[in-house]
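The values are calculated or read from the model by the stated rules, or taken from the named source; none is laboratory data. Since we're looking at a predicted model, the values are computed, not measured. Here the Cβ positions follow ideal geometry from the backbone for every residue, glycine too, while neighbour counts run over all protein chains shown. Heavy atoms of the whole protein, side chains included, go into the accessibility calculation; ligands, DNA and RNA do not. Shrake-Rupley method; radii C 1.70, N 1.55, O 1.52, S 1.80 Å.
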Amino acid sequence: MDRFEPNLRIPGPTALPPSVRVAGGRQMINHRGPEFAAMLERILTGMRPYFGTSAGDIAMISTAGSGGLEAAIVNVLSPGDRVLGVSIGSFGDRFAKIAGVYGADVTKLDAEWGYAAAAEEVRERLRGMDDVRAVLLTHNETSTGVMNPIAELAAAIHEERPDALILVDSVSGLGAVPFEMDAWGVDVVVTGSQKAWMAAPGLAMIAASPRAWSAMESATMPRFYLDLRAHRDAAKDGQTPFTPAIAVVYQVDEGLRLMAEEGTDATFARHEACAAAARAGLDALGFELFADPRHASRTVTAAHVPEGLDWKAFNAEVKRRGVVLAGGQGKLTGKIFRLGHLGSVTVEEILGAMSTLEIVSLQQGRPVEPGAAVGAAQRAALASMGIAALPVGAGA
Ligand SMILES: *Cc1c(COP(=O)(O)O)cnc(C)c1O
């Protein structure tokens, strides 16, 4: 055992609150019994406000988030369908790749990494396509720390191609930031237990609009385990079609209870404050932020590894002191690092991480002012929380 709990600042899996860990250790139950049925009902109902849907049914499948993305594709599409895969990073690439593997005719629209997708470009590309069955979007691109303006993109897609289904990967966004599936006219949304939901990996939750549920009746891509209709039908009887990851189901149930106790708006505000702190702190440390500030993610912040910094040595020391950061993915390996702030994260944990980054910077000869990053992060968090920093000496 380590001497202390690490400050797990990767964008998933996220740290488990104590009661969630206890929940995961509970005895197994009959997954065909009333206790499981009640739990499944609580989860599917409790998730609705986060998806922003009252019209669409939600399915819970035991799989990684990518299995959820695969479910989104195979349930509503047929081989040969024309699909626009809008990618702003490696998860957008993955979503498009899955569609291609199953025989969709995929056109890619790639934004420069670090930037969100532009509604005008999506519109233009859609105009140039003969026929469009679906558009794939990433809500929060975890590889670059960019959050797409889904409402705006969806509006452009509806105007240009009203018949196109809109499928959204919100694995690392949902639960942490507002999402309005019904209001925005999104057809399928995917999330995963190990991100904002404060549970272990193993469950994907997928919501589908009435239009998407009816598309499933004529879609011909092969599917068995991932057939959402089987999951929906079983859920009506309080069950899953196959044995679920019960320990993770316990955890998601408890995570949702904690989120309800905190309140949806407070959960979103906490993520916003943590994101503001992370950005201000890293900036004050001299780490150039990677994402376009207009679309910076509220769940993960990416920064450039500075020229001349021995990242391996730096990160090893950061980790030894208890802070776990994520490196870059794909073509960004070695070029950026990422700090996750989603799930059970607190502002104080972000301040702690900034303190560690200051200490290690000084240890390794990077010139930083002790306390500057912590102070900048704290001020940004206070501003986000609407707490005034009174001038010292003022007040009572
Ligand atoms: C984590 C993540 C996924 C899914 O990851 P798995 O490893 O398959 O669980 C998909 N998309 C995004 C944006 C993610 O952050």
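With respect to being touching a residue at least 24 places away in the same chain (Cβ under 8 Å) and touching a Ser or Thr at 6+ places or on another chain (Cβ under 7 Å), ALA296 falls outside the description. One residue is enough: does the range 44-56 have a residue meeting the conditions within 16 Å of the ligand (Cβ to nearest atom), at negative phi and surrounded by 22 or more Cβ atoms within 10 Å (Cβ to Cβ)? Yes, there is a match, as at least one residue in the range 44-56 is within 16 Å of the ligand (Cβ to nearest atom), at negative phi and surrounded by 22 or more Cβ atoms within 10 Å (Cβ to Cβ). Count of the range 243-274 residues, restricted to those that are in a loop (DSSP other than H, G, I, E, B) and in contact with a strand residue (DSSP E or B) (Cβ under 7 Å, 6 or more places away or on another chain), is 2.
The set of residues in the range 158-186 that are in a loop (DSSP other than H, G, I, E, B), open to solvent by 10 Å² or more (accessible area, probe 1.4 Å) and out of contact with any Ser or Thr (no Cβ under 6 Å at 6 or more places or on another chain) comprises ARG161, PRO162, ASP163, PRO178, GLU180, GLY185. For TYR225, the requirement of being in a loop (DSSP other than H, G, I, E, B) and either without any contact (Cβ under 8 Å) to a residue 60 or more places away in the chain or closer than 25 Å to SER172 by Cβ (or both) is met. So which of ALA291, ALA277, ALA326 is open to solvent by less than 20 Å² (accessible area, probe 1.4 Å) and in contact with a Lys or Arg (Cβ under 6 Å, 6 or more places away or on another chain)? Result: ALA326 is the single residue among ALA291, ALA277, ALA326 that is open to solvent by less than 20 Å² (accessible area, probe 1.4 Å) and in contact with a Lys or Arg (Cβ under 6 Å, 6 or more places away or on another chain). Summed over the range 65-98, residues that are within 12 Å of the ligand (Cβ to nearest atom), more than 19 Å from ARG223 (Cα to Cα) and open to solvent by less than 10 Å² (accessible area, probe 1.4 Å) total 4.
Of all the residues in the range 259-268, those that are out of contact with any helix residue (DSSP H, G or I) (no Cβ under 7 Å at 6 or more places or on another chain) and touching a residue at least 24 places away in the same chain (Cβ under 8 Å) number 1. Residues of the range 161-183 that are among the hydrophobic types (A, V, I, L, M, F, W, C), in contact with a Leu (Cβ under 9 Å, 6 or more places away or on another chain) and more than 13 Å from the ligand (Cβ to nearest atom): ALA164, LEU165, ILE166.
Checking each residue in the range 101-150 for being touching a helix residue (DSSP H, G or I) at 6+ places or on another chain (Cβ under 8 Å) and among the polar types (S, T, N, Q) picks out THR107, THR138, THR142, SER143, THR144, ASN148.
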